[in-house]
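In what follows, a single structure is set out as structure tokens and then discussed.
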């Protein structure tokens with residue numbers, strides 16, 4: 001799961017790695033080794049739901065909730081999945097419509113809505129679910145842990161192009177009664193939980209894609225040494241060697257970038273990694289999926305008709321070729337990933353230094369007012385995007401002032417906090433982090 005957990009919650013551990021020491025490198029190894037089987041369906045069947053459904057619960061769920069459900073999940077007796085995507089809402093997460101209304105007594109949410117393409121949903125006992133509890137947009141989203149046993153949860157397995165064993169599911173919620181104790185994070189602040197989790201999900205996709213690309217290469221090399229055409233082996237044809245060389249350069253570039261990002265994820269806390277590495281991870285997600293697509297195609301060309309037939313010598317390539325779309329689209333499409341990469345690469349981050357202590361994580365609301373940004377600091381956490389036309393906006397230490405203060409470029413309204421915030425921009429849409 002890429003996240004440490006209380007050893008007391010599980011009776012089965014990897015003997016050489018204590019649960020509290022489990023990190024991203026361990027997850028890299030496990031996911032990579034499982035992916036040698038050349039089946040995306042197998043990998044997602046075994047670890048997919050756990051890997052993306054559990055971390056939000058462990059990181060943001062109430063201790064009582066974690067202690068109640070995690071032992072069964074870690075023992076393999078229960079299964080969990082992540083339910084975000086809807087029939088009319090994919091990459092645009094802020095547009096979800098699955099609704100959760102608080103009961104008059106304030107003790108339960110009543111959930112109604114649909115989720116689609118939910119991995120492992122057909123077998124899951126728990127659904128880590130994005131729901132709308134407030135206003136339209138990202139500031140009205142919450143995350144609930146919905147239990148199948150509550151009743152009103154319907155699941156139907158979907159027949160997809162690839163990954164047949166991953167249990168891709170259409171989920172319906174009809175008047176599902178969910179205790180308020182199952183709220184993950186804070187009400188109307190679920191967008192943060194989802195965004196924090198996306199980096200981890202995308203890293204899992206990247207690891208699999210890099211290994212699958214390598215399997216395509218390895219199978220192609222073996223076959224090219226055996227297959228004979230025009231009186232010589234395929235490997236002796238320059239055009240085949242060129243295909244293999246291009247496959248290798250794409251794979252090694254992606255793998256080295258992957259290990260670099262795993263190291264950085266391990267070196268930063270969750271919040272810092274989410275914002276500093278989000279763009280890079282998105283870029284690598286796009287690169288690794290296009291690398292996988294390229295390698296699957298080139299391997300198919302090398303195998304010829306054998307890669308068009310299920311089973312046999314080209315069976316791995318045929319199966320992987322069908323799995324490509326299942327990696328290019330989920331977790332953020334290539335187009336969204338590349339756009340996110342560019343936004344974050346060319347836009348300076350606005351940082352809030354809370355190192356002096358005594359201050360809590362703060363939110364920020366940004367709006368453009370006559371070409372200048374207006375910043376209102378609130379006591380809620382969110383991720384905002386602002387279009388700054390000011391070439392320079394600088395604020396003095398916020399702990400020294402309150403109310404309104406001005407500079408030559410913009411207006412800032414703030415409360416007393418401990419820290420500094422600043423930015424230098426030139427007509428850019430930038431992610432703002434407080």
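Details
- In nm, spacing of pseudo-spin labels at residue 14 and residue 308 (7 Å Cα→C-beta vector): 4.2 nm
- Modelled FRET efficiency - R0 56 Å, residue 105 with residue 230, Cβ distances, 0.05 increments: 0.10
- Among 104-113, 288-297, sorting by the average number of other beta carbon atoms lying within 10 angstrom of each residue, highest first, gives 288-297, 104-113.
- For the peptides 19-26, 42-49, the ranking by packing is 42-49, 19-26, with the highest mean count of neighbouring Cβ atoms within 10 Å listed first.
- 20 Å cut-off, amide nitrogen to a point 7 angstrom out along residue 266 Cα→Cβ, residues in segment 196-225: 199-211
- Relative contact order %, segment 192-345, counting alpha carbon pairs below 8 Å whose residues are six or more apart: 31 percent
- Highest mean packing comes first when the peptides 126-132, 225-231, 74-80 are listed by Cβ atoms within 10 Å, giving 126-132, 74-80, 225-231.
- Added length on full extension, which subtracts the Cα-Cα distance from 0.36 nm per residue, residue 301 to residue 248: 17.5 nm
- Over segment 113-202, relative contact order from alpha-carbon pairs under 8 Å, at least 6 apart, %: 37 percent
- Separation in nanometres of the label points that stand 7 Å from Cα toward Cβ, at residue 161 and residue 64: 4.7 nm
Read-outs throughout are calculated quantities, based only on the coordinates presented, and are distinct from any laboratory measurement. Bear in mind that the values here come from a model prediction, so they are computed numbers and not experimental data. So basically every Cβ, Gly included, is an ideal-geometry build from the backbone, and we count neighbours across all protein chains shown.
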